[in-house]
Amino acid sequence: MGHIKLKPTTEIKINFHPSEIKDEIIPEESKKIAQEYLSSDKTSDDNEHDLIIMLEDKIIYGYDYINNKEKFILPEINPVTIFYSNAVMSNGLIKHYKDELFKASTRINKTGKIHSRTVSPNHSGVFFQLAVNCIINLQSTLECFANMIIPSNYPFVNKQGNEITATVGYKLFNVLPKIKGIDFKNQGRKVKKYNLSIDTLIKLRNDIVHLKPIQETNTGYKKYYRELLDFDFEKAIYSVKLFINFYEPNLLEECPCGINFVYDTLKKSP
């Protein structure tokens, strides 16, 4: 899979060039505010003024930041695209390093004889680092998207009208359909496996974030490591993309350049 397009939180297409804006049509109050801001050594206060970057064919919203006493305006990137891009880049070498892990691991044959090989924690570490990164970023993609759509004052209540703590799954499968007026699950049996993949993803992510060893054994994390080895990363990545693009078409897109950027944490020999 090629790398994912990073997109601004807000983008407005325009049919004119910024240079065409004449000074006389800009309100005097706006000019005064702009001048005060430009002469200030402080950043714009939250919710006071929005900053925009005008390009040849579009306007995108940004924010200011002071670096080495110099003020910059930076585009605000949609975090949904960042999380998903991270997941895709983490997944790029997961299968490769899963194969490498088994190549480097001790094998027990059918007669019970152990075939020893040179074992290094790095062979396990590099796979599980990428696997955990991918899962956490995929779930963050979903939760960030839900929080972006759901108003901050939305009442999370049960059928009896009592306030509840909304889980990620509740937001995705109960609240989003009500707000958007469409339901991902109502597409029939064809999306059932993708719903199941998302459910499995969320559960596994929660297990990882709230990781606790099993007390009855000296290998207290083997259950979770086995689940990571069993997990279908390709299906999860596709399921998340399918879900989000159902509610906001084309938000998650591959860059047409087709280049596949990947995270690789294992140092190569010179």
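Results for (1) in contact with a His (Cβ under 7 Å, 6 or more places away or on another chain); (2) under 21 Å from Asn186 (Cα atoms); (3) of a type in the set (D, E, K, R), shown as yes or no for each residue.
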{"site": "Asp230", "(1), (2), (3)": "no, no, yes"}
{"site": "Lys235", "(1), (2), (3)": "no, yes, yes"}
{"site": "Ser239", "(1), (2), (3)": "no, yes, no"}
{"site": "Pro256", "(1), (2), (3)": "no, no, no"}
{"site": "Val262", "(1), (2), (3)": "no, no, no"}
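For the range 3-96, the strands (runs of 3 or more DSSP E) that sit wholly inside it and include 2 or more residues that are of a type in the set (Val, Ile, Thr) are 51-54, 58-67.
Out of the range 62-113, which residues are among the aromatic types (Phe, Trp, Tyr) and in contact with a helix residue (DSSP H, G or I) (Cβ under 7 Å, 6 or more places away or on another chain)? Once the filter is applied, which keeps residues that are among the aromatic types (Phe, Trp, Tyr) and in contact with a helix residue (DSSP H, G or I) (Cβ under 7 Å, 6 or more places away or on another chain), the range 62-113 yields Phe83, Tyr84, Tyr97.
For the range 71-102: of the residues being among the aromatic types (Phe, Trp, Tyr) and farther than 30 Å from Thr43 by Cβ, which is surrounded by the fewest Cβ atoms within 10 Å (Cβ to Cβ)? Checked the range 71-102; the qualifying residue surrounded by the fewest Cβ atoms within 10 Å (Cβ to Cβ) is Phe102. In the range 189-217, what residues are of a type in the set (Asp, Glu) and part of a loop (DSSP other than H, G, I, E, B)? Selection gives Glu216 alone. Scanning the range 222-237 for residues that are part of a loop (DSSP other than H, G, I, E, B) and either on the phi > 0 side of the Ramachandran plot or surrounded by fewer than 14 Cβ atoms within 10 Å (Cβ to Cβ) (or both) returns a single hit, Asp232. Within the range 207-220, track down each residue that is loosely packed, with under 14 Cβ neighbours inside 10 Å and free of Cβ contacts under 8 Å to residues at least 24 places away in the same chain. Result: His210, Leu211, Lys212, Pro213, Ile214, Gln215, Glu216, Thr217, Asn218, Thr219, Gly220.
Considering the range 132-160, the residues that are free of Cβ contacts under 8 Å to residues at least 60 places away in the same chain and aliphatic (A, V, I, L, M) include one that is surrounded by the fewest Cβ atoms within 10 Å (Cβ to Cβ), namely Val157.
Restricting attention to the range 33-56, does a residue exist that is of a type in the set (Ser, Thr, Tyr), buried (at least 16 other Cβ atoms within 10 Å of the Cβ) and under 26 Å from the mean Cα position of the chain (by Cα)? Among the residues of the range 33-56, not one is of a type in the set (Ser, Thr, Tyr), buried (at least 16 other Cβ atoms within 10 Å of the Cβ) and under 26 Å from the mean Cα position of the chain (by Cα), which makes the answer no.
Scanning the range 163-188 for residues that are farther than 24 Å from Ile82 by Cβ, at pLDDT 90 or above and not in a helix (DSSP H, G or I) yields Glu163, Ile164, Thr165, Gly181, Ile182, Asp183. When Tyr63 is tested against (1) more than 23 Å from Phe145 (Cα to Cα); (2) modelled with pLDDT of 90 or more; (3) not assigned by TED's automatic domain parsing to the domain that holds Ile237, only condition (1) is not met. With respect to being among the aliphatic types (A, V, I, L, M) and buried (at least 17 other Cβ atoms within 10 Å of the Cβ), Val240 fits the description.
The values are calculated or read from the model by the stated rules, or taken from the named source; none is laboratory data. All values reported here derive from a predicted model rather than from experimental measurement. Note: ideal-geometry Cβ built from the backbone for every residue, glycine included; neighbour counts use all protein chains shown.
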